[in-house]
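The numbers here are math on the coordinates, done by the rules we state, and not lab data. Treat the numbers as computed from the prediction; the structure is a model and nothing was measured. Cβ sites come from the backbone with ideal geometry, for glycine too, and all protein chains shown count toward neighbours.
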Amino acid sequence: DLNGSIVHQGIAVYGNKGSTDQHAYVQQLRDGVLNFFVTFIEVDKDRHETALEVENGYTSGDYLHGFLRGTRSALYESGRESITVSIAEVNAFNIGALIAMYERAVGFYASLVNINAYDQPGVEAGKKAATKLLQLQRQVREKLTAGAGQTTEEIAHSIDADPEDVFHALRHLASNDPQIRTTAGDETVDEKFSLEQ
């Protein structure tokens, strides 16, 4: 936190459109652990063009509206609180306003729990790890030779690298570089990788 103490704070953000994830996601929210809040984003105007009916008398927009109100009611019946943000239509201005609102909410939440919302060491750690893996991929590619080929273990040993990382680099290279050949072995660990001559 801002005082230098190690804390484990954050909000997990999940989302879905319409009824796509009703079975897995909303079921958990309605009847699972009560450790969340839900924000519904309601759009008043479905579309600019004439809406096509998907069933006699109902458009897809009618269904989305019905599912929003129905899901909200089902959550409320189980004591789940929610917020509904309504916008007139989907356009650049309204999307920008939503983004600005959520950016401000993140900053406000961070001030409540005494953390810097804009310092992201986890993201930076991921970028550094990705850079190392790209460098490893280059090393692996340079170790490949023509002929009988080498196993993952042999290549990993020759460059002092983690065999699992080398394996995934080899699989990626073999799937995307037509010059790299894979020779099957009895087991996956026996596969040999080489360059086409």
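Data for the structure
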item	result
Within the range 53-88, tally of residues that are exposed (fewer than 13 other Cβ atoms within 10 Å of the Cβ), β-branched (Val, Ile, Thr) and free of Cβ contacts under 8 Å to residues at least 24 places away in the same chain	1
Residue in the range 65-83 that is under 23 Å from Gly10 (Cα atoms), of a type in the set (D, E, K, R) and assigned to a loop (DSSP other than H, G, I, E, B) present	yes
Those helices (runs of 4 or more DSSP H) lying entirely in the range 90-197 with at least 3 residues among the aliphatic types (A, V, I, L, M) and more than 30 Å from Val38 (Cβ to Cβ)	121-143, 152-159, 163-176
The listed residue being surrounded by 12 or more Cβ atoms within 10 Å (Cβ to Cβ) and within 30 Å of Gln9 (Cβ to Cβ), out of Ala125, Ala156, Ala110, Ala174	Ala110
Pick from the range 23-41, criterion part of a strand (DSSP E or B) and touching a Lys or Arg at 6+ places or on another chain (Cβ under 9 Å), ranking: surrounded by the fewest Cβ atoms within 10 Å (Cβ to Cβ)	Phe40
Given (1) more than 28 Å from the chain's Cα centre (by Cα); (2) under 30 Å from Asn114 (Cα atoms), index of the condition Phe36 fails	(1)
Matching residues in the range 140-197 - criterion: being aromatic (Phe, Trp, Tyr) and under 29 Å from the mean Cα position of the chain (by Cα)	Phe167
